[in-house]
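Beneath this line is the structure, given in structure tokens, with notes to follow.
The values are calculated or read from the model by the stated rules, or taken from the named source; none is laboratory data. What you are looking at is a predicted structure, and each value in this text was computed from that prediction instead of being measured. A quick note on method: Cβ atoms are made from the backbone with ideal geometry, for glycine too, and the neighbour counts reach across all protein chains shown. Just the protein is used for accessible areas: all its heavy atoms, side chains included, with ligands, DNA and RNA removed. Shrake-Rupley method; radii C 1.70, N 1.55, O 1.52, S 1.80 Å.
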Amino acid sequence: MGLTADERWGLVDAIAQRTVAFGISRQTTGDVLGELTVKPLTGIPTALAVLYAFWSIFGSFAGVLVTDGFMIKLFDGYWLPWMQAAWPDPGSVHYFLFVGDPAAETCFEAFGMLTSGLFVSFGVVLPAIFVFYLMMTLLEDSGYLPRLAVLMDTLLHKIGLHGYAIVPAILGLGCNVPAVTATRTLETKKQRFIMMTLLALFIPCGAQLGIMLQVVPDTVGWVLLYLLIGFVVFGYVLSRVIPGSNPEILIDVPPYRWPQRANVAKKLWNKTRGFLTNAVPFVMLGILIVNILYLTGFIGWLADLAAPLFVTWFGVPKETVGPLLAAFLRKDLAVAQLSTIPMTSYQMITAVVLISIYFPCVATFAMMVREGPRQLLAAIGVLAAVVLIYGGLIHAVGILLGVA
Amino acid sequence: MEAPCRGAELVTAAVGLAAVACGAANILVWAGLYDGIEIGIMAIGGPDFFRWVWGSLVVVFGGVMMLAGARQMHAVPGYGKVLLGVAMIGIIGGTDIFALICENIPAGEGAQFFNSATGFIGAFAPPYPPAVVLLPFALVIGCALYAGRADDGC
Amino acid sequence: MHDHHDRLTILMMGNPNVGKSALFNRLTGANAVVSNYPGTTVDVTKGYLRKDRHSYEIIDVPGAYSLEARDAAEEVAVRILDTHPDAVIMVVLDATRVERGLYLALEVIERGAPCILALNMMDVAQDKQIAVDAAEMQRVLGIPVVATTAISAEGVKHLADMIRKAQVADLSAIRSRLNGQEPDQGAVARCAGCGGGGCR
Ligand SMILES: Nc1nc2c(ncn2[C@@H]2O[C@H](COP(=O)(O)OP(=O)(O)O)[C@@H](O)[C@H]2O)c(=O)[nH]1
Ligand SMILES: [Mg+2]
């Protein structure tokens, strides 16, 4: 028969009146804090504190404790020398593919599947994503995530982005793949397109953050700053340029809840297992492919071909072509590979930013294909333009600052 | 019940004020206006932007929040502010301690993997960063306040 | 109406963040992702429940505020509803925000599918001194209404038991019951006695 919305609400009210009784209750501590943490005046300092904790714990656990404290010693001091000694004939192709450089002193430099591949996967990225996922899960389960979105809303609104659209972006810091699916909660094609593009461009994933912390610890702040600026600037441009409507996003902020230990453990385990089964093979495969491309001379040829673009326009050494190819498979691997190319710290910043923005990794790419193949073409167009423009801009800023 | 409540408010305000002062001092030292300062068991200032500017900013905000809430800490808005301020100072102090633990479980340079027990404990000798010094005071206030609200104290 | 030897499909629907996935995991032992923000579930998860002689396929549907879909996740929800015309709909409500859930429930009821209602988050409602009268709601709506707390599994077993008593509700009957008349002796009350499930 079809009720109108008003008739339906009328019925709802009548039923609720019959069945629901509100007693007198004072605000719980959760409610009080819930309000304070979304008001800008008290909420922004809280957000600063939460982000500090997030980054500090991430760095202390993954960087200082596990990787620097144990993994580097283990891999560089024992595993690498042992592999170099035990693997037969150092001049051969299989030695190059599996062990890499026979003279290398660190597992970053060696770049064989069983040296760098294992080190990057288990020594650096695994501890990083483990703490990262743990803290993400706590943010998700406590109910802080949507509050962060509301706060961002007040800031981002001025540039035409709606804050709640930021939820996929924050999720993307863990891994871009589920974040692409999370854009489904956005209302219009325009919003989804903008968010998906920004996500693929400017949001580094947890694995990449982990390795950046290891490889460029002093400049990771600059890299993130450039990515953030890019996010805001290109978000603004896209929201102006892309046709379509950009309606207000209504935010439903849930109450704070204590994260359930069983649920946190389950999610953490599922995500970590996902990394082990999906990402580790890609790291290995990436090293294999890049090494083969080196052997066949393809990368050298491509580097020469792209040299004008890289050296004069982006201001980075032409050897970064190799890592950029690897970045299509795994960004963490690409950053690890970058660390072995000699360059100035500003070049390093530029190169790491380029790796982040130049193309989504293959898993994200596949997910984008699934979510909207036609939009993907447009996204790639935008992507190419942004990489060229932004890469050049960063170089220009470096020249102006006198550091490039 | 008047007197003890006033006392609690004064203590809260004092800790808040101390947090503001220490946090601001940290930032000034980082900016190079002063050399590092040591007061008793507290050491102020270091080179790391993240820790000494961002972190200290949070301590300052936490202190301001405690100050703002102290006057009506037994009513709803003040209570929340004090609790939030305590949490912010707690976050910085807590992560500082966590960082110290993580730094000192592994041995430094050398062949060994694990630090010796004495080496580990020795790392926890003073001086401490301000947030760590403020941490116990903040925690006591926070817990008392939370418990007090639960059984409607004051 | 249903042949109980076939597997019956149950669609779990409700507003975002009311605990559908948590309840779904409790019912099926599956691994749907549970988080405390709206929009966690944007895709379909299936699970299975065996209860006595009955076997059910349960689908965790993305959250929706209304069946007039506004975003892609809600579109998924409506599409699932359309592609399972024979399914029993389990509408999950947040007991602290009954109104919004009831709106969706009425939309589902209007489609004429057999329904059962889960009043979740009863622990939170209790803390907030919100009393929701499940029995009265059951009487008014004419479909089974079960109070649950997904995180402690309270009421979940009862919910599983009641699935087979899902009813097609009648809007005009609801209206007249709200006006104080009793159109029949209360479908659910009678049903509870017949024990046959689905009232053959
Ligand atoms: N206190 C309480 N929390 C619940 C209950 N059911 C679910 N939750 C929490 O509510 C949040 C949302 O649950 P979820 O299953 O993801 O909701 P969905 O979006 O409807 O699937 C999670 O943080 C759950 O832990 C309940 O009965 N009581
Ligand atoms: Mg869900």
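Summed over the stretch B:100-146, the residues that are closer than 24 Å to residue B:9 by Cβ and open to solvent by 50 Å² or more (accessible area, probe 1.4 Å) give a count of 7.
Please verify whether residue B:49 is within 10 Å of chain A (Cβ to nearest Cβ), under 14 Å from the mean Cα position of the chain (by Cα) and open to solvent by 30 Å² or more (accessible area, probe 1.4 Å), treating the condition exactly as stated. Here the answer is no, as residue B:49 does not meet what is asked. Can you name every residue in the stretch A:98-139 that is open to solvent by 20 Å² or more (accessible area, probe 1.4 Å) and among the small types (Gly, Ala, Ser)? Residue satisfying the conditions is A:103 alone.
Among the criteria (1) within 11 Å of another protein chain (Cβ to nearest Cβ); (2) farther than 30 Å from residue A:23 by Cβ; (3) at pLDDT 95 or above, the one residue C:94 does not fulfil is (2).
Filtering the stretch A:20-56 to residues that are part of a helix (DSSP H, G or I) and either under 24 Å from residue C:112 (Cα atoms) or small (Gly, Ala, Ser) (or both) leaves A:30, A:34, A:43, A:47, A:49, A:53, A:56.
Among the residues of the stretch C:17-37, the ones that are within 11 Å of chain A (Cβ to nearest Cβ) and either within 11 Å of ligand 2 (Cβ to nearest atom) or touching a Pro at 6+ places or on another chain (Cβ under 8 Å) (or both) come to 12 in all.
A count restricted to the stretch A:381-394 and to residues that are surrounded by fewer than 20 Cβ atoms within 10 Å (Cβ to Cβ) and more than 20 Å from residue A:186 (Cβ to Cβ) stands at 8.
Residue check: residue C:55 meets all listed conditions (1) surrounded by fewer than 19 Cβ atoms within 10 Å (Cβ to Cβ); (2) small (Gly, Ala, Ser); (3) within 15 Å of ligand 1 (Cβ to nearest atom); (4) not in a loop (DSSP other than H, G, I, E, B) but one, namely (3). Looking only at residues in the stretch C:86-96 that are open to solvent by 10 Å² or more (accessible area, probe 1.4 Å) and within 22 Å of residue C:28 (Cα to Cα), the one that is farthest from ligand 2 (Cβ to nearest atom) is C:86.
Is the stretch A:9-19 home to any residue that is at the interface with chain C (Cβ under 10 Å from one of its Cβ atoms), assigned to a loop (DSSP other than H, G, I, E, B), surrounded by 15 or more Cβ atoms within 10 Å (Cβ to Cβ) and of a type in the set (Ser, Thr, Tyr)? No: the stretch A:9-19 contains no residue that is at the interface with chain C (Cβ under 10 Å from one of its Cβ atoms), assigned to a loop (DSSP other than H, G, I, E, B), surrounded by 15 or more Cβ atoms within 10 Å (Cβ to Cβ) and of a type in the set (Ser, Thr, Tyr).
Among residues of the stretch A:272-289 that are touching a residue at least 12 places away in the same chain (Cβ under 8 Å), those with a Cβ under 9 angstrom from a residue that is of a type in the set (Asp, Glu) and open to solvent by less than 60 Å² (accessible area, probe 1.4 Å), sequence gap 6+ or separate chain, pair up as A:279/A:332; A:283/A:332.
Residues that are more than 12 Å from ligand 2 (Cβ to nearest atom) and open to solvent by 30 Å² or more (accessible area, probe 1.4 Å) within the stretch C:43-52 comprise C:46, C:48, C:50, C:51, C:52, listed in sequence order.
The condition of being closer than 30 Å to residue A:268 by Cβ, in contact with an Asp or Glu (Cβ under 7 Å, 6 or more places away or on another chain), surrounded by 19 or more Cβ atoms within 10 Å (Cβ to Cβ) and not hydrophobic (A, V, I, L, M, F, W, C) holds for only one of A:163, A:172, that being A:163. Scanning the stretch C:26-42 turns up at least one residue that is open to solvent by 40 Å² or more (accessible area, probe 1.4 Å) and near ligand 1 (Cβ under 10 Å from one of its atoms).
Kindly state which helices (runs of 4 or more DSSP H) lie completely within the stretch C:101-179 and contain at least 1 residues that are more than 15 Å from ligand 1 (Cβ to nearest atom). Once the helices (runs of 4 or more DSSP H) in the stretch C:101-179 are filtered for at least 1 residues that are more than 15 Å from ligand 1 (Cβ to nearest atom), what remains is C:134-141, C:156-162, C:171-178. Answer yes or no: is there a residue in the stretch A:61-70 that is touching a strand residue (DSSP E or B) at 6+ places or on another chain (Cβ under 7 Å) and surrounded by fewer than 20 Cβ atoms within 10 Å (Cβ to Cβ). Taking every residue of the stretch A:61-70 in turn, at least one turns out to be touching a strand residue (DSSP E or B) at 6+ places or on another chain (Cβ under 7 Å) and surrounded by fewer than 20 Cβ atoms within 10 Å (Cβ to Cβ). For the stretch B:19-55, the set of residues classified as farther than 17 Å from residue B:127 by Cα and part of a helix (DSSP H, G or I) consists of B:20, B:21, B:24, B:27, B:28, B:30, B:49, B:50, B:53, B:54, B:55, listed by residue number. Residue count for the stretch B:104-154 satisfying the condition of being of a type outside the set (A, V, I, L, M), under 26 Å from residue A:31 (Cβ atoms) and assigned to a helix (DSSP H, G or I): 5.
Only one entry of A:238, A:213, A:186 meets the criterion of being aliphatic (A, V, I, L, M) and within 25 Å of residue A:43 (Cβ to Cβ), and that entry is A:186. Would you point out the residue of the stretch C:114-155, among those that are more than 14 Å from chain A (Cβ to nearest Cβ) and within 16 Å of ligand 2 (Cβ to nearest atom), that is farthest from residue A:255 (Cα to Cα)? Result: C:118. Exactly one residue out of C:71, C:82 is within 16 Å of ligand 2 (Cβ to nearest atom), acidic (Asp, Glu) and open to solvent by 20 Å² or more (accessible area, probe 1.4 Å), and it is C:71.
Under 30 Å from residue C:112 (Cβ atoms) and open to solvent by 30 Å² or more (accessible area, probe 1.4 Å), is that true of residue A:5? Considered against the rule, which asks whether it is under 30 Å from residue C:112 (Cβ atoms) and open to solvent by 30 Å² or more (accessible area, probe 1.4 Å), residue A:5 comes out as yes.
Would you confirm, using the coordinates I've provided, whether residue A:313 is modelled with pLDDT of 90 or more, open to solvent by 70 Å² or more (accessible area, probe 1.4 Å) and within 25 Å of the chain's Cα centre (by Cα)? So residue A:313 fails the test. Taken as a whole, the structure places residue C:110 among residues that are open to solvent by 10 Å² or more (accessible area, probe 1.4 Å), over 13 Å from the mean Cα position of the chain (by Cα), in contact (Cβ under 8 Å) with a residue 40 or more places away in the chain and within 11 Å of chain A (Cβ to nearest Cβ). Restricting attention to the stretch C:42-83, the residues being within 12 Å of another protein chain (Cβ to nearest Cβ), touching a Phe, Trp or Tyr at 6+ places or on another chain (Cβ under 9 Å) and of a type outside the set (D, E, K, R) number 2. When A:243, A:254, A:281 are checked against the criterion of being assigned to a loop (DSSP other than H, G, I, E, B) and either surrounded by fewer than 16 Cβ atoms within 10 Å (Cβ to Cβ) or away from ligand 1 (no atom under 16 Å from the Cβ) (or both), a single residue qualifies: A:243. Within the stretch C:18-48, the set of residues being of a type in the set (D, E, K, R), in contact (Cβ under 8 Å) with a residue 40 or more places away in the chain and closer than 18 Å to residue C:65 by Cα comprises just one member, C:20. All of (1) under 29 Å from residue A:35 (Cβ atoms); (2) at the interface with another protein chain (Cβ under 8 Å from one of its Cβ atoms); (3) charged (D, E, K, R) hold for residue B:71 with one exception: (2).
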